[in-house]
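Quick note: the coordinates plus some simple rules give every number you see, no bench work behind them. Please read these numbers as outputs of a predicted model, since none were measured by experiment. With ideal geometry, Cβ positions are generated from the backbone for all residues, glycine too; neighbour counts draw on all protein chains shown.
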């Protein structure tokens, strides 16, 4: 079993932390050059393939929820200070499940990012 073998279990989702991760991950991803964006995309695809899933049709929230693992492995730090605990990626056992029905949490984090940084980040979610 690999490090990501439990990514798709259903235990203990943390919607708020998953929302923070996904929104900060999207901003961080967009701040990367094309080479680093491609590296992140390839790593997310690799994670999914290890679990027997395809990245085809992956929703934006799921991609950015999983990209936290990729960015962590690649040594890419969150680009928005003061949003995540200790300004570090917060690893959640199953970010895809945690982001289901997290509209309220996403909106709350969007407001926090707008207030602290003056940045508007959208996130398409399932």
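Under 10 Å, Cα contacts only: if you run a Gaussian network model on the chain, which one of 80, 99, 23 comes out with the highest mean-square fluctuation?
With Cα springs under 10 Å in the chain, the top fluctuation among 80, 99, 23 is at 80.
Report the residue, chosen from 67, 19, 55, that carries the largest GNM mean-square fluctuation when the chain is represented by alpha-carbon nodes joined by springs under 10 Å.
The residue that fluctuates most here is 55.
Residue 114 to residue 49: FRET efficiency via 1/(1 + (r/R0)^6), r the Cβ-Cβ distance, R0 41 Å, to the nearest 0.05?
The value I calculate is 0.70.
Which whole-percent values make up P(r) of segment 52-112 when all C-alpha to C-alpha distances are grouped in 5 Å steps starting at zero?
Spelled out per bin, shortest first, that is 4, 15, 22, 30, 19, 8, 2, 0.
Describe numerically, in nm with one decimal, the distance between label points set 7 Å from Cα along Cα→Cβ at residue 103 and at residue 60.
Label-label distance for residue 103 and residue 60, simple model: 1.6 nm.
Can you tell me the mean projection area, over all orientations, of the convex hull of segment 15-117's alpha carbons? Units nm², please.
With the hull built on Cα positions only, its mean projection is 6.2 nm².
Test of understanding: what is the full-extension gain from residue 42 to residue 87, defined as 0.36 nm times their sequence separation minus their Cα-Cα distance?
Contour length minus Cα-Cα distance gives 13.8 nm.
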